[in-house]
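Asker: One structure is given below, represented as structure tokens, and several questions about it will come after.
The values are calculated or read from the model by the stated rules, or taken from the named source; none is laboratory data. Not measured: the values here are computed from a predicted model. Counting neighbours? That spans all protein chains shown, and the Cβs are built from the backbone with ideal geometry, glycine included. These accessible areas exclude ligands, DNA and RNA; they are computed on the full protein's heavy atoms, side chains included. Shrake-Rupley method; radii C 1.70, N 1.55, O 1.52, S 1.80 Å.
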Amino acid sequence: MSRRETTEAREAREAQYAEDARRLREFPAFAKFSGDDLARIAQKTHRTSTSGPWPLIREQTPSDACYILLNGEVAVYVGQDRVAVLGPGEVIGESA
């Protein structure tokens, strides 16, 4: 890998972090966070997406992550009962 490719990859990653921090600022849950706080959150995240009815987490699964929904919606189930529908800006995960 050339030095230029490394620089381009780093610049692309930094641009993505800045965009992620900007998007987080739009959500009420993150409105009071400082720019530095949002930048740190963006730098520690891993992006993933799904378009199917796949569970992000299951009941009784040990907590190891939380999710911030950027777009779309998710349903929350307890057993077979849907108890909530969450949308963009919601933080999803087991409380630990």
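Asker: Look through L24, L38 and report the one residue that is touching a helix residue (DSSP H, G or I) at 6+ places or on another chain (Cβ under 9 Å) and touching a residue at least 40 places away in the same chain (Cβ under 8 Å).
Answerer: Residue meeting the stated conditions: L24.
Asker: Would you mention how many residues in the stretch 1-26 are assigned to a loop (DSSP other than H, G, I, E, B) and within 30 Å of V76 (Cα to Cα)?
Answerer: Counting residues in the stretch 1-26 that are assigned to a loop (DSSP other than H, G, I, E, B) and within 30 Å of V76 (Cα to Cα) gives 1.
Asker: Which condition number does A75 fail, the rest of (1) of a type in the set (A, V, I, L, M, F, W, C); (2) modelled with pLDDT of 85 or more; (3) open to solvent by 60 Å² or more (accessible area, probe 1.4 Å) being met?
Answerer: Exception for A75: condition (3).
Asker: Taking the residues in the stretch 78-96 that are open to solvent by 60 Å² or more (accessible area, probe 1.4 Å) and at pLDDT below 90 as candidates, determine which candidate is nearest to E26 (Cα to Cα).
Answerer: V91
Asker: Can you pull out every residue in the stretch 27-82 that is of a type in the set (A, V, I, L, M, F, W, C) and either on the phi > 0 side of the Ramachandran plot or touching a His at 6+ places or on another chain (Cβ under 9 Å) (or both)?
Answerer: A65
Asker: Please work out if T50 is surrounded by 11 or more Cβ atoms within 10 Å (Cβ to Cβ) and outside any helix (DSSP H, G or I).
Answerer: Here the answer is no, as T50 does not meet what is asked.
Asker: Also: Please count how many residues of the stretch 60-82 are part of a loop (DSSP other than H, G, I, E, B) and touching a strand residue (DSSP E or B) at 6+ places or on another chain (Cβ under 7 Å).
Answerer: Matching residues across the stretch 60-82 total 3.
Asker: Of the residues A29, A42, only one is in a helix (DSSP H, G or I), open to solvent by 60 Å² or more (accessible area, probe 1.4 Å) and in contact with an Asp or Glu (Cβ under 8 Å, 6 or more places away or on another chain); which?
Answerer: Going through A29, A42 in turn, just one is in a helix (DSSP H, G or I), open to solvent by 60 Å² or more (accessible area, probe 1.4 Å) and in contact with an Asp or Glu (Cβ under 8 Å, 6 or more places away or on another chain): A29.
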